[in-house]
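Below: the structure, in structure tokens.
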Amino acid sequence: MQTTVEEEFFCVNHPKEATLLRCSKCLNPICGRCAMRTPVGWRCPDCTGAVAGRTGYYVPTLLSQVTSQQYLKAIAGMLGVAIIGGIAWGQFRLLGDWGDWSFWFVFAISLLSGEVVGRISNERRNAQLMWIAGTGVVIAALVAALWTLGISNDLEPSQWLLYLGEVPSRRYLGFTLPNAFFVVLGALFAAQRVRE
Ligand SMILES: [Zn+2]
Ligand SMILES: [Zn+2]
């Protein structure tokens, strides 16, 4: 007959917690707070992919797990949308009276940014992707302003600050409160596309 001697260990994640439990895979001692019940026994957070949350450990859903390669692709796609969309937006502003209606570009760009980030990341959804999609709209707004200001007006960068000081110029560039409102709205809209 086999006898077992119970030996007390301390949890690898919580060194003050004494425990008798070990992870069934890596055999690290784990306490009741971080042990995850699986079909093959109790396992530690590392061996289950669990992460610490506000109320304890939990295993993120597969769809919210994004590889660094997927992040890079999502960021590259977002930058593409932001730069091309921003240039189109900035060019549109130069077209006389229609320039006042340029904020509609925000909606097109936010739609595209969310769509591209969603598709390129293989339809993953999490908070980081929400930030990436939203940032695309903000970068597009900056690109649009730069395009209108510098590239199309042949202005030296040293003149930009003088230009920005004038209220009519600021309006021309789209640096207005309503436009800022639409940019924020667009960023939130883009982020919704990849919300978990
Ligand atoms: Zn383990
Ligand atoms: Zn623990």
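Quick look at the numbers
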{"read-out": "All positions within segment 37-48 that are part of a loop (DSSP other than H, G, I, E, B) and within 16 Å of ligand 2 (Cβ to nearest atom)", "value": "Cys44"}
{"read-out": "Residues of segment 130-177 that turn out to be of a type in the set (Phe, Trp, Tyr) and crowded, with 22+ Cβ neighbours inside 10 Å, as a count", "value": "1"}
{"read-out": "Which numbered condition Val66 misses (of (1) surrounded by fewer than 18 Cβ atoms within 10 Å (Cβ to Cβ); (2) in a loop (DSSP other than H, G, I, E, B))", "value": "(1)"}
{"read-out": "Failed item in (1) farther than 30 Å from Cys34 by Cβ; (2) open to solvent by 30 Å² or more (accessible area, probe 1.4 Å); (3) under 16 Å from the mean Cα position of the chain (by Cα), with Ala127 passing the rest", "value": "(1)"}
{"read-out": "Candidate set from segment 16-46 (those that are farther than 15 Å from Tyr58 by Cβ and of a type in the set (D, E, K, R)); member that is farthest from ligand 1 (Cβ to nearest atom)", "value": "Lys16"}
{"read-out": "Condition met for Val66 (closer than 19 Å to Met130 by Cβ and either in contact with a strand residue (DSSP E or B) (Cβ under 7 Å, 6 or more places away or on another chain) or within 16 Å of ligand 1 (Cβ to nearest atom) (or both))", "value": "no"}
{"read-out": "All positions within segment 12-35 that are part of a strand (DSSP E or B) and within 11 Å of ligand 2 (Cβ to nearest atom)", "value": "Ala18, Thr19, Pro29"}
{"read-out": "Of residues in segment 72-124 being over 15 Å from Val194 (Cα atoms) and either within 13 Å of the chain's Cα centre (by Cα) or not assigned by TED's automatic domain parsing to the domain that holds Ile139 (or both), the one most open to solvent (accessible area, probe 1.4 Å)", "value": "Leu72"}
{"read-out": "Residue match in segment 1-11 (condition: of a type in the set (Val, Ile, Thr) and either near ligand 1 (Cβ under 8 Å from one of its atoms) or at pLDDT 90 or above (or both))", "value": "no"}
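The values are calculated or read from the model by the stated rules, or taken from the named source; none is laboratory data. Being a predicted model, the structure only gives us computed values, none of them experimental. Cβ coordinates were reconstructed from backbone atoms using ideal geometry, including for glycine residues, and neighbour counts include every protein chain displayed. Just so you know, the surface numbers come from the protein's heavy atoms only, side chains and all, with ligands and any DNA or RNA stripped out. Shrake-Rupley method; radii C 1.70, N 1.55, O 1.52, S 1.80 Å.
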